[in-house]
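K.L.:
Sharing a structure, written as structure tokens. Questions coming.
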Amino acid sequence: MTSGAAALETVVGLEVHTELKTATKLFCGCPNRFGDAPNTNVCPVCLGLPGSLPVLNRQAVELAMAIGTALGCAIRPSSFHRKNYFYPDMPKDYQISQYDEPINVDGHLALPDGTLVGIERAHLEEDTGKSTHVGSSGRIHGADRSLVDYNRAGVPLVEIVSAPDLRSAAGARAYVAELRGILVATGASDGRMEEGSLRIDANVSVRAPGAALGTRCEIKNLNSLRSLQRAIEFEADRQAALLAGGGTVVQETRHWDEEAGCTVPMRSKEEAYDYRYFPEPDLLPLVPDDAWRDRVAAALPPMPAARRAALLERLGDATPAQRDQVASVVADDLDRFVTAAADRGVPAALALARVANEVAALEDPGALDEHGVATLLEMEAGGELSATQAKTVLAEHAASGEDPRELARRRGFERVADGTLDALLDQLIAQHPAEWARYREGDEKLAQFFVGQVMRETSGKADGKAVVAGLAARR
Amino acid sequence: MSSLTRADVAHVAALARLALSDEELDRYTGQLAAVLDHAQDVAALDLGSTAPTAHPFAVGTVVRDDVLVACLDRDEVLAQAPAVEDDRFCVPRIIGEAP
Amino acid sequence: MTTAVELAERVRSGATTARATVEAALGAVADHDGALHAFLHVDGDGARAAADRVDAMVADGRDPGPLAGVPVALKDNLCTRGVPTTAASRILEGWTPPYTATVVDRLVAAGAVPVGKTNLDEFAMGSSTENSGFGPTRNPHDHTRVPGGSSGGSAAAVAAGMVPLGLGSDTGGSIRQPAALCGVVGMKPTYGMVSRYGLIAFASSLDQIGPLAATVEDAAVCLEVIAGHDPMDSTSLPEGPPSVVAALDDGVDGRRVGLVRELVDGAADDVVAAVTRAAAALEAAGARVVECSVPELRLGLSAYYLIAPAEASSNLARYDGVRYGLRVDADDVTAMNVATRTQGFGDEVKRRIMLGTYALSAGYYDAYYGQAQRVRTLVAQAFAAAYADCDVLLGATAPTTAFALGSRTTDPMAMYLSDVFTIPSNLSGEAAITVPFGAGADGLPIGVQLLSPARAEPRLFAAARVLEAAA
Ligand SMILES: [Mg+2]
Ligand SMILES: [Zn+2]
């Protein structure tokens, strides 16, 4: 940190835009799907063709209400406004958004460390299309033309605006990580930041602790937790250095340049913005009644904090490493696999380790069914499968969805009976007296020699741990 | 008097993405001022207690089910576009990011 | 000429064919439209094909519907798939929509045959059809006069007998005023009664589609065909179409009719006289006519000329040269937007876009747009009070008969005053109809206007039928 900056505290408020996981767009029946061929998911409404009219998607409203409920917001009678400005990726040259009557207000989010972050509002709005900049740089500056794809235009967004309650880049990162977990848990979002389904703007200012809020800059284009943290750190240092040098911070919107690792002032258009908000005449007010609110609240699954607590309780006293694993499986919505296995008697620690390491590493772990994974972990816990074998079966189960027991049987992964293993050990010890002698003298490496021999004889079906135990017993 | 100025008209023309000649600027300033002067009968009223009407009949929340509807044929859509490249709408260089 | 109802009956009974009916209409268009310019586009092939489909249904003994084989004219702000749709603006020249407006689908499903797209003031902004980007339409009764507007093309097409039925859109009187100036029936339904899906928006909270016809009965049949809930329009009323045809002969016996001073004051003497005769005719038919005053209506004009331009300034932002219609090239996208809109829009459209942008802009919203929305509430409350004592209201449709081409083009405010009697029902969202009722000193048609509360179309049509009989 720059000299003189050390005394200053960073103040951060975040605006998180999350795309909602609906089947169709906010105001039309086009697919809400990432990665399709350009301009294939379009209709008169989301192209803003003359004469077209918007009709609100019920599921988008319910997901917005679910987010609000999960964040402890009041769900209120709301309405839509038009935000007027020209931009080529916006088909109507206005965005339909909620303005002075958002559906969710006054909530809060508790960080894992207990910090409470205020949520000012979480409102519904439509996404824009996507522009690709063609020409020398491939970026907006220096491009000589842009190509627009409207597949994303009209995709439902909820914009979640936090109070300026965060005091560090790390805190901001923790907030987004926790929020992401909540959005995934509610089923509102897939949480895929790399696909842009979570996009963050950060309002950053610095001040002497206890002083009034300083002048803030808004940083746009933060599309990963890493760039969020780096951008806030850079911006706070920049402002601190400015002040330390006797300068002042000018309120402006800045752009995070990932490559250069710095924020730069955004080039805005010549005329000052004046969005001329007014009530959207094509949409009636959105007034959820109590029954609707209650239905959404009742359908809300447990949130990450509660699920972390439940897992930790099953683990008894968890190591710091296990706490991290608990946080990550919950964040990725994989804790249900741990719970399902533990419910069937698998030690929680083993289930957690396997889900956090092996299951989480799979292509699409969410697609697995709890029953299959639980069965597999049961077999490993019961010694029917070695760790290596379990890993193989998991991969095949993930690929084919077949019953793990059947997969193990087909591979001939049934466990070698203890009797057979004892007989085999005695025979091998007799065949290799020199190695046995060195092992008895304490050369542990020789244990691996015998394990290798056993594995060769049993074509890998034996349990390595059982072999080592057998050797130790004969020392 | 609405006291609409030439500068006001130049500002709204810019907001509305319209270019005006000096002659047009003078003409429109006069014409718009006349309409706004007539509108002073409305602007001058004290209506604090009266609620605004945005919709003649707000019959209540209107939503549709989250079900897919057939999209337009891309070729039919792009056939109407002034310029197309790689199945996208092509526009001249953009100055400045979206707000 | 033969009415739509008679034509449909003859087509359904096999007395004539839809094809012959449509050929006759296309012939009439060919004969008269050179002089009138009511049509911007005539779709002869499409019309013939549609007519043949109707005849095929009759041949298989299926009922093509209540408008079987009836040629209709569509205002060119209604989207028609594959048929050019311009809203009379150069900025949409050559655009062919990939979809069709709900009202057009419903007309066709009822057997009607669209023959073409009619002229209008650009984006329906005007009262004379002189603001068309493609040249004015002339009044069939006097080619030196305007047909009124903005639905001047549909009004002239019906008045000249080229088609028995036309669709228009009414934002501040754009169906009723041209109907009055052309001597035909024009009706603005309750807001939300007819779907706006596929109507190129001018002012979304005021726009409503309605029929122009030679007779009240034809207008009623048309309304029943196009009205009713549409899930594609969030502002569409939940109920089905009103039963106006069944109510046509209900008469006005015992009805209370309010002759509204503010809907007559300032009208020319011959127009006032016509309204007075209309009141007498209703009384003669058993109605009780009372003179009443609804002062709030005087505020309507100002409120309208703030609200409509404000919504228009936003609705017309999409014409930016990116996705469809005109593009005037420039080396950056902003300059391209400006060049396209500056060349593509006419003077009146620019005027209203700027007026509306101003009314919504920072610092002026409350004084203008916000205030106008409150006046809208006052107007609705004032109408409600009047309807406590009256079943329908009576007044003039337009202050004068058709005026001379060019006589008001240089003075927007004078032109705006042509709508002073029609605007209030758009602000309240309620129903209104104009019926031809005699001629003025200049021999040109005069229309009188009947107004009713929301969803009270049946009583409105019954009263209109009485005036039609007495005219
Ligand atoms: Mg936003
Ligand atoms: Zn769409």
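The values are calculated or read from the model by the stated rules, or taken from the named source; none is laboratory data. Keep in mind the model is a prediction, meaning the values are calculated, not measured. Because the Cβ atoms are built from the backbone with ideal geometry, glycine has one as well, and the counts that use them run over all protein chains shown. Areas reflect the complete protein model, heavy atoms only, side chains present, ligands, DNA and RNA absent. Shrake-Rupley method; radii C 1.70, N 1.55, O 1.52, S 1.80 Å.
K.L.:
For C:ARG455 and C:ALA404, calculate 0.36 nm times their separation in residues minus their Cα-Cα distance, and state this gained length in nm to one decimal.
P.N.:
14.7 nm
K.L.:
Pop the C-beta distance of A:GLU194 and A:ARG410 into the FRET formula with R0 = 35 Å and round what comes out to the nearest 0.05.
P.N.:
E between A:GLU194 and A:ARG410, to the nearest 0.05, is 0.45.
K.L.:
In addition: What do you get for Rg/Rh over the stretch A:82-137 if you use C-alpha atoms and the Kirkwood form of Rh?
P.N.:
A ratio of 1.20.
K.L.:
On a straight-distance basis, which lysines could pair with A:LYS465 in a cross-link, Cα separation under 23 angstrom, same-chain partners fewer than 8 positions away excluded?
P.N.:
Hits, sequence-local ones excluded: A:LYS391, A:LYS445.
K.L.:
Report, as a whole number in µm² per second, the diffusion coefficient that Stokes-Einstein gives for the stretch C:22-78 at 20 °C and 1.002 mPa s using the Kirkwood radius over alpha carbon pairs.
P.N.:
Answer, rounded: 170 µm²/s.
K.L.:
Here's a follow-up. Count the net charge of all other residues whose Cβ sits under 11 Å from the Cβ of C:ARG352, scoring Lys and Arg as +1 and Asp and Glu as -1.
P.N.:
Once all neighbours under 11 Å are counted, the net charge is -3.
K.L.:
State, in square angstrom and to the nearest 100, the accessible area buried between chains A and C, both chains counted, probe radius 1.4 Å.
P.N.:
2700
K.L.:
I want to make sure I understand the PRE zone here: with the label point 7 angstrom from the Cα of C:ALA246 toward its beta carbon, which residues in the stretch C:454-471 have backbone N atoms less than 19 Å away?
P.N.:
Counting only backbone N, you get C:455-465.
K.L.:
Another question, then. I'd like the FRET efficiency for A:GLN448 and A:GLU259, computed as 1/(1 + (r/R0)^6) with the beta carbon distance as r and R0 of 51 Å, rounded to 0.05.
P.N.:
With R0 = 51 Å, the Cβ-Cβ based efficiency is 0.60.
K.L.:
Applying a 10 Å radius around every beta-carbon, put B:51-57, B:39-45, A:365-371 in order of their mean neighbour count, most first.
P.N.:
Put in order of decreasing packing, that is B:51-57, B:39-45, A:365-371.
K.L.:
Highest mean first, how do C:311-317, C:284-290, A:36-42 rank when packing is the count of other Cβ atoms within 10 Å averaged over residues?
P.N.:
In descending order of packing, they fall as C:311-317, A:36-42, C:284-290.
K.L.:
Roughly how many Å is it from the Cα centre of the stretch B:25-99 to that of the stretch A:84-101, as a whole number?
P.N.:
8
K.L.:
If you don't mind, another one. Report, in deg cm²/dmol and to the nearest 500, the calculated mean residue ellipticity at 222 nm for the protein assembly as shown, where each DSSP H run with n ≥ 4 adds -39500 (n - 2.57) and the sum is divided by the residue count.
P.N.:
After summing the helix terms and dividing by residue count, I get -11500 deg cm²/dmol.
K.L.:
Okay, moving on. In nm, to one decimal, how far is the modelled label at C:ALA385 from the one at A:ARG474, with both set 7 Å along Cα→Cβ?
P.N.:
Label-label distance for C:ALA385 and A:ARG474, simple model: 10.9 nm.
K.L.:
So what does log10 I(q)/I(0) come out to for chain C at q = 0.06 Å⁻¹, using the Debye formula with one equal point on every Cα and no solvent?
P.N.:
Log-scaled intensity ratios, in q order: -0.23.
K.L.:
Simple spin-label model, 7 Å along Cα-to-Cβ: B:LEU25 to A:ASP426 in nm?
P.N.:
Between B:LEU25 and A:ASP426, the label points sit 10.9 nm apart.
K.L.:
Please average, across the residues of A:120-131, the number of beta carbons from any other chain that are within 10 Å of each residue's own beta carbon, and give a whole number.
P.N.:
What the average comes to for A:120-131 is 1.
K.L.:
Can you give the mean number of other chain Cβ atoms that lie within 10 Å of the Cβ atoms in peptide A:28-34?
P.N.:
Average neighbour count from other chains, rounded to a whole number: 3.
K.L.:
Give or take rounding to whole Å, what are the principal axis extents of the alpha carbon atoms in the stretch A:1-77, in descending order?
P.N.:
The principal-axis extents, from largest down, are 58, 33, 24 Å.
K.L.:
I'd like the FRET efficiency for C:ALA469 and C:THR144, computed as 1/(1 + (r/R0)^6) with the beta carbon distance as r and R0 of 35 Å, rounded to 0.05.
P.N.:
0.65
K.L.:
For chain A, return all DSSP H helices satisfying: extent of Cα atoms along own axis at least 15 Å; mean Kyte-Doolittle hydropathy at least 0.5.
P.N.:
In chain A, the long hydrophobic H runs are A:58-70, A:169-186, A:464-474.
K.L.:
Let me ask another. Kindly provide the Kirkwood hydrodynamic radius of the stretch C:90-168 in Å, to one decimal, from all pairs of distinct alpha carbon atoms.
P.N.:
Across the stretch C:90-168, the inverse of the average 1/r is 13.4 Å.
K.L.:
Given a 1.4 Å probe and no ligands, DNA or RNA in the count, how much accessible surface is buried by A and B, both sides, to the nearest 100 Å²?
P.N.:
When A and B are taken together, about 4400 Å² of accessible area is lost.
K.L.:
Take peptide C:229-236, look around each residue's Cβ out to 10 angstrom, count Cβ atoms belonging to other protein chains, and average those counts.
P.N.:
Mean number of neighbouring Cβ atoms from other chains: 6.
K.L.:
Separate question: Per-residue counts of other Cβ atoms within 10 Å, averaged by peptide: what ranking do you get for C:220-233, A:103-116, highest first?
P.N.:
Answer by packing, highest mean first, reads C:220-233, A:103-116.
K.L.:
On to the next question. Between A:GLU313 and A:ALA7, what is 0.36 nm times their sequence separation minus the Cα-Cα distance? Round to one decimal in nm.
P.N.:
Result: 106.1 nm gained on full extension.
K.L.:
What is the antiparallel percent of DSSP beta bridges lying wholly in chain C, to the nearest 5?
P.N.:
DSSP beta bridges in chain C are roughly 65 percent antiparallel.
K.L.:
Averaged per residue, what accessible surface does the stretch A:7-158 expose to a 1.4 Å probe, in Å²?
P.N.:
Computed with neighbouring chains in place, this is 28 Å² per residue.
K.L.:
Note down the magnitude of the dipole of chain A about its Cα centre, charges +1 on Lys and Arg C-beta and -1 on Asp and Glu C-beta and zero elsewhere, to the nearest 20 debye.
P.N.:
440
K.L.:
Between Rg and the Kirkwood Rh of chain A, both from Cα atoms, what is the Rg to Rh ratio?
P.N.:
Expressed as Rg/Rh, it is 1.09.
K.L.:
Something else about it: In whole Å, what is the distance between the alpha-carbon centres of the stretch C:454-471 and the stretch A:304-328?
P.N.:
Centre-to-centre (Cα) distance: 75 Å.
K.L.:
To continue, here is another question. Any idea what diffusion coefficient the protein assembly as shown gets from Stokes-Einstein, in µm²/s, Kirkwood Rh on alpha carbon pairs, 4 °C, 1.567 mPa s?
P.N.:
Using the Kirkwood radius from Cα pairs, D works out to 40 µm²/s.
K.L.:
Here is a follow-up. With the cut-off at 28 Å, tell me which of the pairs A:LYS83/A:LYS130; A:LYS21/A:LYS92; A:LYS25/C:LYS117; A:LYS92/A:LYS220 have Cα atoms farther apart than that.
P.N.:
The answer is A:LYS25/C:LYS117.
K.L.:
If you don't mind, there's one more thing I want to ask. Relative to the first principal axis of the alpha-carbon coordinates of chain B, what is the inclination of helix B:6-15, with its axis defined by its Cα atoms, in degrees from 0 to 90 and to the nearest 10?
P.N.:
Helix B:6-15 and the main axis of chain B meet at about 20 degrees.
K.L.:
What is the diffusion coefficient of the stretch A:284-420 in µm²/s, taking the Kirkwood radius over Cα pairs and the Stokes-Einstein relation at 20 °C with a viscosity of 1.002 mPa s?
P.N.:
130
K.L.:
Diagonalise the Cα gyration tensor of the stretch C:372-471 and give the resulting equivalent ellipsoid semi-axes, square root of 5 times each eigenvalue, largest first, whole Å.
P.N.:
Computed over the stretch C:372-471, the values are 25, 21, 8 Å.
K.L.:
Just grab the label-to-label distance for A:ASP294 and A:ALA208, each label 7 Å out from Cα along the Cβ direction, in nm (one decimal).
P.N.:
5.5
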